[in-house]
Structures are given as C-alpha cells and as structure tokens.
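K.L.:
Handing you a structure now.
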Amino acid sequence: MVAGNLHKARHYSKDIRICHDAPEFFLDNYGHIYDATSGEWVPFRLWRAQLQALERVVDHRLVVILHARQVGVTWLVLGYALWLMLFRPGATVLLFSRRGDEAIDLLKHRLRGMYDRLPDWLKVGSIEVDNEREWRLGNGSRALAVPTMAGASYTASLVIVDEADLVPDLGRLMGAVKPMIDGGGKMILLSRADKTQPLSVFKRVYAGAKEGKTGWLGLFLPWKARPGRDEDWYEVQKADILERTGSLDELHEQYPSRDVEALSPPTLDKRIAPEWLQECYVEAAPLSLAGVPHAPAIPGLVVYALPQPMHDYVIGADPAEGTLDFDGFDQTAQHFSRGHVVRLQCAQAPERFLLQRETLPGVPGVFDCHGCFQSCCSG
C-alpha cells in the first residue's frame with residue numbers, strides 16, 4: 001500500500017506488516033464502528049464470535065451467515081472488505097442489499113466511515129473516485145454500491161449481499177453475480193431470517209451448506225454472540241414479544257438461539273407446536289429404491305423406511321388446502337404399533353394420487369372434511 005505519511009509509515013512498519021497478514025489485528029486495533037446507542041464512532045473490539053466468524057470467512061470463498069439482530073456481522077464483513085481494499089491493491093468489492101439506498105449506506109456511511117477514522121499512515125495516497133455509488137482508491141481498489149438488477153459486467157474480488165433473505169429474487173441475483181467471482185473471488189451472504197419465506201433461496205443455501213451438500217460454508221451467530229446479553233435479557237425480550245404477538249415467531253426471527261428456530265416457518269396459525277416436533281425428530285437420509293422389487297415409480301416419491309409385512313400402518317394425506325393451485329401434495333404413513341413415521345412426498349396433482357389409491361383393491365379409506373383420503377391398511 002502507499003502510505004499518506006511516509007515518516008509515520010516507517011515508524012509503524014511492523015504494525016503495517018501485521019495488518020497486511022491479519023485482518024483480525026487490523027480491525028481490532030484500528031477499526032471503528034458507529035454505535036447507534038451513543039451516536040458516536042467507537043473502536044471496533046472484536047467479540048469472540050466475530051473473531052471466529054472472521055477466521056472462517058478468510059478461509060472460504062463462499063460463506064452464508066445466518067444471524068440474530070445486532071451481533072455486528074455487517075460491520076465485520078465490511079471491515080474485512082476494507083482490509084481487502086487496502087492490503088490487496090486492485091480489489092473490487094460489490095455491495096448489495098435489499099434496496100439501493102441501503103447498499104449506498106453500506107458504502108458511504110459504513111465503509112467510508114471506517115476508512116476515514118484510520119490513522120493517516122494506514123491510508124492510501126489518494127482517492128480517485130468518491131460518490132454514492134463508487135469509491136475508488138489510489139491503489140486501484142474500488143467498492144461499488146450496486147443495484148440488485150445490475151452488476152453483471154464486473155469481475156469481483158468480494159461480493160457482499162446484506163439482508164440476503166429479504167432481497168427480492170435472490171436466486172436471480174446470485175445467478176448473475178456468481179460468474180463474477182469464478183476467477184477466485186469471494187461471496188458472502190448474510191442475513192437475519194425472514195419467516196414469511198420459509199423456503200427462500202437464502203434458507204436453502206444455508207441448509208445445503210450446513211448439510212455439506214454444496215461448496216458453501218454455513219455460519220450461525222445466535223443472540224448471545226453479543227456480550228452483555230444474558231438469560232435475563234433474553235427472558236425480557238421473550239415476555240415482551242409473547243405479550244405483543246401471542247407467539248414466539250418474532251423472537252425466533254430476531255433473536256434465535258439455534259438456527260432451526262430461525263429457519264422454521266411461522267407457528268402462530270399452526271396446529272402442532274414446533275417444539276413437539278423437535279422432541280421426536282430424528283434426522284435420517286431417504287432410502288434409495290434402486291433394486292427394491294416392485295418399487296412404485298411415482299414422481300417425487302421420498303421413502304425413509306420400507307414397509308414390513310404383517311405390520312399395521314396408518315396413512316394420512318395433506319391435499320394442499322384442497323385447491324388445485326399448489327406446489328405439492330404430502331402423505332405420511334405411520335407405523336401403528338411403534339409410532340415410527342414414514343414420509344411419502346409426492347409432487348403431483350391430488351386427483352392423480354387419489355386415482356392411484358382407488359385402483360388398489362382392498363384398501364379401505366374415507367375422505368375427511370378437508371378432502372384428505374384417510375386409509376388404514378395391514379401387511
């Protein structure tokens with residue numbers, strides 16, 4: 001880097017070398033963040049959870065971060081972006097958020113504000129471009145606040161998508177941005193959960209990362225990642241939200257303790273509490289039906305346990321509210337004597353499923369008031 005004050009740069013050459021190799025040292029010793037409570041910029045002292053997250057971000061190209069509110073994740077990734085721009089000349093950082101004005105705030109207020117509070121000997125010699133959409137340093141590095149519908153022509157060193165679970169059409173954005181980092185750049189998706197979209201692209205990316213199915217690294221920062229928050233603080237938030245809303249959905253969205261709380265859909269209008277499901281849930285991989293004699297060729301069928309002869313089962317069906325404009329149709333078979341559940345998921349029209357069921361001889365069944373086909377069978 002080119003120092004703005006060469007005499008001081010020589011004096012602090014040891015710190016400059018350490019900063020060059022260690023973004024955590026750079027941020028913890030020279031970073032500043034804006035504290036909304038005091039209305040002032042304060043030193044950025046990394047919390048333990050932030051330090052651990054930063055270490056993982058540095059070591060991985062694709063990172064998706066699910067987090068509680070106010071645990072400093074946005075400041076953390078912007079601090080990493082600033083380090084990249086200063087110590088890796090020629091870096092290009094693209095900043096996205098759910099709205100264009102929020103992306104501009106990331107650039108003009110946060111990123112630029114962190115830079116302005118660095119000592120002179122850590123700054124570059126000049127700033128070539130400085131407006132609300134682009135900030136270009138004299139060492140060739142630049143940061144851009146990019147509208148979510150643009151950016152396909154850039155080659156990026158780092159892409160940051162803030163509030164990713166709230167970004168409209170995140171899948172399209174990722175499809176446009178991913179080729180821009182294929183030359184070795186990084187992408188970071190970070191967001192609190194949006195419970196109105198339980199099957200959102202962000203949640204699917206995070207779930208795939210946690211299951212090890214993709215090249216993404218999934219990180220979760222709970223409410224307690226912020227020092228000063230204890231169980232008493234949490235109980236106050238819980239009581240307030242429960243009194244106002246009648247459920248814990250908002251608590252699990254804003255201040256989750258576990259990622260499963262953040263990822264689960266709203267529960268206020270559900271008949272079965274998610275806590276009951278978690279108590280009996282055991283994760284299992286679906287079975288391969290290859291080589292299974294007489295295995296049904298039903299599109300979208302998922303089987304977790306094969307039926308056993310001379311055992312009783314009860315089957316229930318969810319016809320997707322009994323309407324035809326739906327995405328899928330679920331049936332669940334339960335082992336009657338042992339309480340084991342075998343889930344059969346079929347992505348096909350309900351009339352096709354019911355016709356198939358009606359063609360099976362000797363299978364008694366009734367339709368309930370919701371149009372569900374309830375069938376009891378043995379063997």
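K.L.:
For a 29 Å ceiling on Cα separation, which of these pairs sit above it: Lys178/Lys224; Lys186/Lys213; Lys123/Lys210; Lys203/Lys238?
P.N.:
Where the Cα-Cα span goes over 29 Å, the pairs concerned are Lys178/Lys224; Lys123/Lys210.
K.L.:
To continue, here is another question. Enumerate the aspartates and glutamates that Lys270 could reach by cross-link, defined here as Cα to Cα under 13 Å, with residues fewer than 8 away along the same chain left out.
P.N.:
Reachable aspartates and glutamates: Asp249.
K.L.:
Now, a different point. Just add up the charged neighbours of Glu24: K/R +1, D/E -1, any other residue whose Cβ is under 14 Å from the Cβ of Glu24.
P.N.:
That works out to -2.
K.L.:
Take every Cα pair under 8 Å in region 231-280 that's 6+ residues apart, average their separations, divide by the length, and report that relative contact order as a whole percent.
P.N.:
Over region 231-280, the number comes to 23 percent.
K.L.:
Quick one: putting +1 on the C-beta of Lys and Arg, -1 on the C-beta of Asp and Glu, what dipole do you get for region 6-225 around its Cα centre, in Debye to the nearest 20?
P.N.:
420
K.L.:
Once a ≥ b ≥ c are taken as the square roots of the eigenvalues of the Cα gyration tensor of region 107-247, is the result rounded (a/c under 1.5), prolate (a/b larger than b/c) or oblate (a/b not larger than b/c)?
P.N.:
oblate
K.L.:
Now for a different question. How many angstrom separate the Cα center of region 191-234 from the Cα center of region 89-109?
P.N.:
One Cα centre to the other: 22 Å.
K.L.:
Suppose the chain between Asp130 and Ser38 were pulled fully straight at 0.36 nm per residue; how much longer would it get relative to their current alpha carbon spacing?
P.N.:
In short, 30.4 nm is gained.
K.L.:
Can I ask one more? At a 10 angstrom cut-off on C-beta neighbours, averaged per residue, how do the peptides 105-114, 59-68, 208-217 rank from highest to lowest?
P.N.:
The peptides rank, most packed first, as 59-68, 105-114, 208-217.
K.L.:
Give the cross-link partners of Lys14 among the aspartates and glutamates, using a straight C-alpha distance below 18 Å as the criterion and excluding same-chain residues fewer than 8 apart.
P.N.:
Straight-line reach from Lys14, under 18 Å: Glu24, Asp28, Asp120.
Laboratory data are not the source of any read-out in this text; all were calculated from the coordinates shown. From a predicted model like this one, the values you see are computed outputs, not experimental measurements. Methodologically, a virtual Cβ is constructed for each residue, glycine included, from the backbone with ideal geometry; neighbour enumeration extends over all protein chains shown.
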